[in-house]
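The values are calculated or read from the model by the stated rules, or taken from the named source; none is laboratory data. Bear in mind that the values here come from a model prediction, so they are computed numbers and not experimental data. FYI the Cβ positions are ideal-geometry reconstructions off the backbone, even for glycines, and counts take in every protein chain you see.
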Amino acid sequence: MKRIRPVGPAVVLAALWLGVTTPQAAAFDAHAGYYYPQVQTEEVYVSALELAPDTSKRSRAAFVSGLASQNAKLGYPPGYHLFAKGTDLEKLIIVATGDERYDTLFRLRALLASLTSMARTTELFAQSKQPQELNFLDLCKLIGFTLVTVSNGKDVTHQIKVR
């Protein structure tokens with residue numbers, strides 16, 4: 001995952017000029033309040049990768065099913081559930097399954113980092129020239145997810161627009 005650095009006043013003014021929104025000003029989120037609480041923080045992740053040529057609604061559904069299947073084989077309840085939502089299943093939602101899990105932005109980012117390990121075992125990453133340079137959000141871009149929402153399911157939600 002790309003590192004987010006503090007920004008200065010000039011960057012804030014440029015962002016406002018370019019129309020960057022806060023969660024309160026963002027478009028209506030039909031999943032907030034149902035799968036997760038309202039979004040508190042958001043960011044944009046820009047991947048250098050292009051969409052995979054065979055990406056589709058079906059491939060995103062298979063990806064989520066595959067990760068759920070891997071979690072089911074662990075022999076203990078998973079710490080999170082994944083859902084693909086949206087008209088074309090372009091929104092990935094990851095929600096913790098219990099209290100005191102992923103209750104800070106840092107823990108949510110750690111979850112995404114751990115999902116990177118799983119992603120590196122996929123054929124898409126294996127075909128890459130440098131899979132060690134890629135992360136979970138790059139895989140999300142490859143298969144066509146445009147929004148990744150991670151939440152503890154109680155009071156912390158972070159949203160990432162994948163470009």
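Details
- Checked against the criterion of being of a type in the set (V, I, T) and modelled with pLDDT of 95 or more, the candidates V64, V46 yield just one match: V46.
Conditions tested, residue by residue: (1) surrounded by fewer than 18 Cβ atoms within 10 Å (Cβ to Cβ); (2) assigned to a helix (DSSP H, G or I).
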{"residue": "D88", "(1), (2)": "yes, no"}
{"residue": "I94", "(1), (2)": "no, no"}
{"residue": "G98", "(1), (2)": "yes, no"}
{"residue": "R101", "(1), (2)": "yes, no"}
{"residue": "A113", "(1), (2)": "yes, yes"}
{"residue": "Q132", "(1), (2)": "yes, yes"}
{"residue": "D138", "(1), (2)": "no, yes"}
{"residue": "F145", "(1), (2)": "no, no"}
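- Of all residues in the range 63-83, those being under 17 Å from the mean Cα position of the chain (by Cα) and exposed (fewer than 13 other Cβ atoms within 10 Å of the Cβ) number 1.
- Sole exception among (1) surrounded by 12 or more Cβ atoms within 10 Å (Cβ to Cβ); (2) assigned to a loop (DSSP other than H, G, I, E, B); (3) among the aliphatic types (A, V, I, L, M) for A48, by number: (1)
- Single residue of the range 115-130 satisfying the filter (over 17 Å from D54 (Cβ atoms) and not in a helix (DSSP H, G or I)) that is modelled with the highest pLDDT: R120
- Selection from the range 29-43 of residues that are in a loop (DSSP other than H, G, I, E, B) and either within 15 Å of I160 (Cβ to Cβ) or not hydroxyl-bearing (S, T, Y) (or both): D29, A30, H31, G33, P37, Q38, V39, Q40
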